[in-house]
Amino acid sequence: MLSVLAGALARVAMPLAVQAMPVPPAPSEIVAAAPSAEWVAIAPEDLLVMELAPTTTGARRRVLIQLIPAPFSQSWLANVRTLARARWWDGLSVNRVQDNYVAQWGDADAEDKAKARALPAGLTRVPEREYAASEPVGFSRPGLPLTYQGRAGASSPTVFDGQLVFRDIEPWNYAAFKNGWAFAGSMNPHQSQVWPIHCYAMVGVGRGLSPDTGSGAELYAVIGHAPRHLDRNIALVGRVVDGIEHLSSLPRGTEALGFYKTPAERTAIRSVRLASDLPAASRPRLQYLSTESASFAAYANARANRRDPFFIRPAGGTDICNVPVPIRRAP
């Protein structure tokens with residue numbers, strides 16, 4: 001009798017023990033718990049502030065763009081800073097919104113020499129070779145054994161030399177994080193390069209046909225699925241870190257490539273400024289989670305292998321664009 005009772009109690013206690021097991025944290029919970037020392041301030045000179053015309057109800061539409069660090073796209077960035085300081089974008093508009101692709105802004109009359117707004121002096125014509133950088137961004141290039149493992153294994157992140165490494169879309173390529181940014185690189189011994197990648201909210205430079213690389217006057221933000229086929233074909237100069245909804249929610253253009261048919265459909269740009277050129281009291285203060293931190297490593301792993309209660313089974317890997325670097329307002 002006692003043994004039967006003990007067995008019954010054991011069966012009752014087992015679900016309670018299972019319920020008492022700790023629940024793995026969600027990515028958002030890992031980010032929320034990250035200590036202040038792991039957050040990095042975005043410098044005012046690296047933040048572009050775009051004010052769009054308010055909504056029909058008078059709501060403010062402000063888009064904040066963090067400019068990409070060296071060694072990427074520095075010649076285009078010099079142009080972007082020149083354009084912002086010249087207030088060149090003020091009074092222009094968002095001219096193209098293509099569904100699941102990009103929102104693009106600049107001079108709607110740029111193709112008409114008689115109507116086009118004159119560009120400021122001192123802009124650089126950038127060669128195509130600058131779509132990629134020849135030197136790794138402080139990244140010790142993995143050897144060939146890791147290359148093979150990356151090709152044969154799952155695309156879940158691997159820690160190498162203190163950094164998170166992902167298998168990328170080409171056999172010799174890897175993707176990784178450094179200094180708060182995702183990038184891709186080639187481990188091909190004949191062509192070792194690194195380059196930024198087209199994830200959601202990345203900002204790039206519109207251009208014509210090769211060898212044109214764009215001046216930086218026409219910019220676009222990715223508002224759809226990551227168009228990685230554009231990598232190394234168009235310059236990337238930053239990412240929207242706040243206000244992407246003000247671009248992604250705009251009406252889609254009905255003309256080819258999502259251009260608006262009439263001027264009335266465009267969204268006006270009130271101003272574009274570097275945060276460093278604004279009064280100190282009105283500068284946005286944002287931070288990103290250090291990609292070299294323990295919290296980011298845990299966050300990336302949780303994004304690749306969701307174990308919080310909603311999920312039934314971990315995926316075992318993820319695309320690098322599905323690991324957006326967390327941004328927050330400075331406390």
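Looking for whichever is over 30 Å from residue 82 (Cα atoms), at pLDDT 90 or above and either in contact with a helix residue (DSSP H, G or I) (Cβ under 6 Å, 6 or more places away or on another chain) or part of a helix (DSSP H, G or I) (or both) here; the options are 31, 4. Which one fits? Criteria check complete, one pass: 31.
Condition check ((1) in contact with a strand residue (DSSP E or B) (Cβ under 6 Å, 6 or more places away or on another chain); (2) at pLDDT 90 or above; (3) within 18 Å of residue 102 (Cα to Cα); (4) among the acidic types (Asp, Glu)) across all residues:
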position	(1), (2), (3), (4)
173	yes, no, no, no
196	yes, yes, yes, no
200	yes, yes, yes, no
218	yes, yes, yes, yes
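Among 54, 71, 44, which is over 26 Å from residue 134 (Cα atoms) and either at pLDDT below 95 or in contact with a Ser or Thr (Cβ under 7 Å, 6 or more places away or on another chain) (or both)? 44 is the lone residue from the list that is over 26 Å from residue 134 (Cα atoms) and either at pLDDT below 95 or in contact with a Ser or Thr (Cβ under 7 Å, 6 or more places away or on another chain) (or both). Looking across segment 98-125, the residues that are open to solvent by 40 Å² or more (accessible area, probe 1.4 Å) and within 23 Å of residue 278 (Cα to Cα) come down to 119, 121, 122, 123. If you go through segment 72-97 and keep only what is buried (at least 18 other Cβ atoms within 10 Å of the Cβ) and part of a loop (DSSP other than H, G, I, E, B), you end up with 72, 73, 88, 89, 92.
Return a yes/no flag: does segment 259-274 have any residue that is open to solvent by less than 40 Å² (accessible area, probe 1.4 Å), among the small types (Gly, Ala, Ser) and under 22 Å from the mean Cα position of the chain (by Cα). Checking segment 259-274: not a single residue is open to solvent by less than 40 Å² (accessible area, probe 1.4 Å), among the small types (Gly, Ala, Ser) and under 22 Å from the mean Cα position of the chain (by Cα).
Considering segment 289-331, and only residues there that are outside any loop (DSSP other than H, G, I, E, B) and small (Gly, Ala, Ser), the residue that is surrounded by the fewest Cβ atoms within 10 Å (Cβ to Cβ) turns out to be 294.
Only one residue in 330, 298 is touching a helix residue (DSSP H, G or I) at 6+ places or on another chain (Cβ under 6 Å) and small (Gly, Ala, Ser). Which one? The conditions single out 298. Scanning segment 276-297 for residues that are more than 19 Å from the chain's Cα centre (by Cα) and small (Gly, Ala, Ser) turns up 276, 280, 281, 282, 294.
Criterion applied to 44, 54 was being surrounded by 15 or more Cβ atoms within 10 Å (Cβ to Cβ) and either within 15 Å of residue 266 (Cβ to Cβ) or touching a residue at least 60 places away in the same chain (Cβ under 8 Å) (or both), and the one residue passing it is 44. Per the listing 307, 266, 303, 270, the residue uniquely over 18 Å from residue 180 (Cα atoms) and in contact with a Ser or Thr (Cβ under 8 Å, 6 or more places away or on another chain) is 266. Reported count of residues in segment 34-66, each being among the hydroxyl-bearing types (Ser, Thr, Tyr) and not in a loop (DSSP other than H, G, I, E, B), is 1.
The values are calculated or read from the model by the stated rules, or taken from the named source; none is laboratory data. Since the model is a prediction, treat every value here as computed from it, not as a measurement. Cβ: placed from backbone, ideal geometry, glycine included. Neighbour counts: every protein chain shown. Accessible surface is based on the protein model in full, side chains and every heavy atom, while ligands, DNA and RNA are left aside. Shrake-Rupley method; radii C 1.70, N 1.55, O 1.52, S 1.80 Å.
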